[in-house]
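Take a look at the structure set out below.
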Amino acid sequence: MSSTRKIIHIDMDAFFAAVEQRDFPQYRNKPLIVGGAPDSRGVVATCSYEARQYGIHSAMSSAQAYRLCPQAIFVKPRFEAYQQASMAIRKIFADYTDLFEPLSLDEAYLDVSHVSLHQGSATLIAKAIKAAIKQETQLIASAGVSYNKFLAKIASDINKPDGLYLIAPEHGPGFAEQLPIERFHGVGKATSAKMHALGIKTGKDLKAQSLETLHYYFGKAGLHYYTISRGIDNRPVNNDRIRKSVGVEVTFEQDIKFKQDVIAQLQNLLQKAMRKVAEKQMVAYTLTVKIKYHDFVQITRSRTLPHAITPKSALGDTFEDLLKDTDIGRRNVRLLGVALSSLENKSGQTHFRQMDLFNDD
């Protein structure tokens, strides 16, 4: 474990909703939901903190959100506005360090290990970045500061909104021990259930397992769980990472069964993935569908098309073909995902292929 690294994780608070409330004063201080309409089988992309007081959260069905808060305001996403705000925020990052790694429109890692500003204090740098974001964009960010990515990301979620939290090197291992295992990077619902069945509920429980035991039950991920439970994460901040695929997925509050509902949800996910690809000024040729059944059995199906994928590409037979030889219509589905790969920029100069597109959980 290196104690010399200084990592900041910036996470914008309720980003889409905050942009809407900034741009439209009539939405301020009101429960605002960005996503699909309540009568459209849509989902919540994000919501304001006023809406969260009613128990509403992202990925919840819009219909459920409406039941929890009938007076909520529902608006469709304006991705161009969010992208513009994101680019303004990234320019602020560049004022402090060249070594930053955007994860999405609303979050990023920054390595400020060798930055001399503010006496080299990562906490003071994070405070300055938060202030600059507020001044330049009128938006609020939370920041986590630590000696690695894992703990910095955990820290940024503490004291939200407008949070700033430091996990110092001497406190990292102990902090990791007291975390519920659901908070660990790479532990999703399936892995969490498996760990609970083994009596592993906290970082301390995870740390008590031998590397051999973790390898036995979790394969190659065992080493990751072994190190991260000790507060160790050596992943660098990568400012030249090439995104080889773009994927989106949704876990349903209630399982779905009928093929027409599955196709409708896949088409909705495709639209979201296409917007992400367009943001990168790229096109994609490979479409991958991820299906997780009610019993957590997971499959993927892929198709590479001879032409660039468009939102209309899967309106015809593509999704139908991908769903052949699956149990759609016979087994309930708890999660669906769509990923686009074989990415190429619009000038045709760069082409990447990657088939391993989704996390295991």
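Any read-out appearing in this document is the output of simple, stated calculations on the displayed coordinates, not a laboratory observation. In this text, all values refer to a predicted model and were calculated from it rather than measured experimentally. In this analysis, Cβ positions are derived from the backbone assuming ideal geometry, glycine residues included, and neighbour counts consider all displayed protein chains.
What to note about this one:
- Using 0.36 nm per residue and subtracting the Cα-Cα separation, the extra length available between LYS280 and ARG303 on full extension is 6.1 nm.
- Net dipole in debye of region 15-78 [+1 Lys, Arg Cβ; -1 Asp, Glu Cβ; about Cα centre; nearest 20]: 20
- Top of ALA122, ALA131, ALA176 by mean-square fluctuation, Gaussian network on the chain, Cα under 10 Å: ALA131
- Inter-part distance where region 1-68 and region 76-155 are each reduced to a Cα centre, Å: 19
- Shape call, region 196-249: gyration tensor on alpha carbons, a/c limit 1.5: prolate
- Amide H to amide H distances under 5 Å link GLY163 with SER142, ALA143, where only residues 5 or more positions off or on other chains count and H is placed in the peptide plane.
- For the chain: relative contact order, % (alpha-carbon pairs under 8 angstrom, 6 or more apart): 15
- Rounded to two decimals, the Cα-based Rg/Rh of the chain, with Kirkwood Rh, is 0.96.
- Gyration tensor verdict on region 15-78 (Cα atoms; rounded if a/c is under 1.5, prolate if a/b is larger than b/c, oblate otherwise): prolate
- Point-to-point label distance, ALA193-GLN135, nm (Cα→Cβ direction, 7 Å offset): 5.0
- For region 246-345, the alpha carbon positions stretch 38, 24, 19 Å along the principal axes, listed from largest to smallest.
- With 21 Å as the limit, the listed pairs LYS130/LYS189; LYS160/LYS194; LYS259/LYS324 have LYS130/LYS189; LYS160/LYS194 beyond it between alpha carbons.
- When VAL43, VAL248 are sorted by how many other C-beta atoms sit within 10 angstrom of their C-beta, beginning with the fewest, the order is VAL248, VAL43.
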